[in-house]
């Protein structure tokens, strides 16, 4: 009797990602892990990671949906922070974004409906979806990782979102720009004065630690 077992969503997604992305990303210096489902590489002081996040509502034969999370971390930042402040930083992230927040990222159009994740359950649609994913990763996502694997670019990105002002200040210091470092802290204070009920009070505490 012919085996007609359908692959579980994670199995299907893992096999599709491996077939589509393993060769080009390995050639670009990334290493692949199935658990968690990631590609990772080191670039100077930075570690760049592409994580594949599976929809927890996926169901065999019905849905195999996923999206990507892009992040940059730096052990060099942790070492610098410990030397300067005597403790570990809250985290060592420079950049963490889901793919839909990356400029020019595209999602497939399936059955005349715009998708906002990658759905590969339909075999006839799978090649087109995976080709779009590959093009996004190689031509949009990785250039974004490279751009933000830079202390000053990472700092400016945080300031553009009014987020992590203390980290932006640190990154400017690491970039050798003390004037911008101080400006980042002042921008953080101005933001908190205008938004006293904003979340993440740890940011304000960290700003004060650097100013007083």
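Readers should treat all values here as calculations from the given coordinates under stated rules, not as data from a laboratory. Predicted, not measured: the structure shown is a model, and the values here were computed from it. Every residue, glycine as well, gets a Cβ built from its backbone with ideal geometry; the counts of neighbours run over all protein chains shown.
Listed values, structure above:
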read-out: Footprinting exposure proxy for 79, 5, 126 (fewest neighbouring C-beta atoms within 10 Å first); value: 5, 79, 126
read-out: Ranked 100, 151, criterion: other C-beta atoms within 10 Å, fewest first; value: 100, 151
read-out: Residues 205, 99, sorted so that the one with the fewest Cβ neighbours within 10 Å comes first; value: 205, 99
read-out: Choice from 85, 116, 77 showing the highest fluctuation, given a GNM over the chain with Cα pairs closer than 10 Å; value: 85
read-out: Percent RCO, i.e. relative contact order, over the stretch 1-71, from Cα pairs under 8 Å lying at least 6 residues apart; value: 30
read-out: Within the stretch 141-177, backbone nitrogen closer than 11 Å to the virtual label 7 Å beyond the Cα of residue 183 toward Cβ; value: 156
read-out: Percentage relative contact order, the stretch 39-145, counting C-alpha pairs under 8 Å, at least six apart; value: 23
read-out: The stretch 161-211 shape via C-alpha gyration tensor axes, a/c threshold 1.5; value: prolate
read-out: Inverse of mean 1/r across different Cα pairs in the chain, Kirkwood, Å; value: 19.2
read-out: Efficiency of FRET from Cβ geometry, residue 60 and residue 19, R₀ 25 Å, rounded to 0.05; value: 0.85
read-out: Whole-Å distance, taken between Cα centres, linking the stretch 99-128 and the stretch 1-62; value: 16
